[in-house]
1. In percent, what relative contact order does the chain have, based on Cα pairs under 8 Å that are 6 or more apart in sequence?
2. Which shape class, rounded, prolate or oblate, goes with the range 64-105 when its Cα gyration tensor gives a ≥ b ≥ c as root eigenvalues, a/c under 1.5 marks rounded, and past that a/b bigger than b/c marks prolate?
3. I'd like the orientation of helix 87-105 relative to the chain: the angle between its Cα long axis and the longest Cα principal axis, in ° from 0 to 90, rounded to 10.
4. For the pair residue 13/residue 49, report the inter-label distance in nm, with labels modelled 7 Å from Cα in the Cβ direction.
5. Would you mind computing, in nm to one decimal, how far apart the modelled labels at residue 98 and residue 72 are, each placed 7 Å from Cα along Cα→Cβ?
């Protein structure tokens, strides 16, 4: 049978623990003070040292006021769907309202 050696893949940086990140940071000559850094700081400094550009964080949807305005418009659409005896669309709008309300509570 063929002898295949398993190549040890390195875990993605985001999935590593802080302890593993510190060990990795000690091997990189450009990083100092790794023991005093927390996980997000370690990740950003390692990515910077390796030349990996960090993707910008996903922008939060919107403010609570904007969400409440959306809820009002969807509620109006739901009322019109109920008046038109369109139960399927009314159900869809009800679910959207529920999702938007959950976002306001976060």
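1. 18
2. Since a/c reaches 1.5 but b/c is at least a/b, the shape of the range 64-105 is classed as oblate.
3. Helix 87-105 and the main axis of the chain meet at about 50 degrees.
4. 1.0
5. 2.5
All of the numbers you see were taken from the coordinates with simple rules; none came from a lab. Being a predicted model, the structure only gives us computed values, none of them experimental. Here the Cβ is made from the backbone with ideal geometry for all residues, glycine too, and neighbour counts use every protein chain on show.
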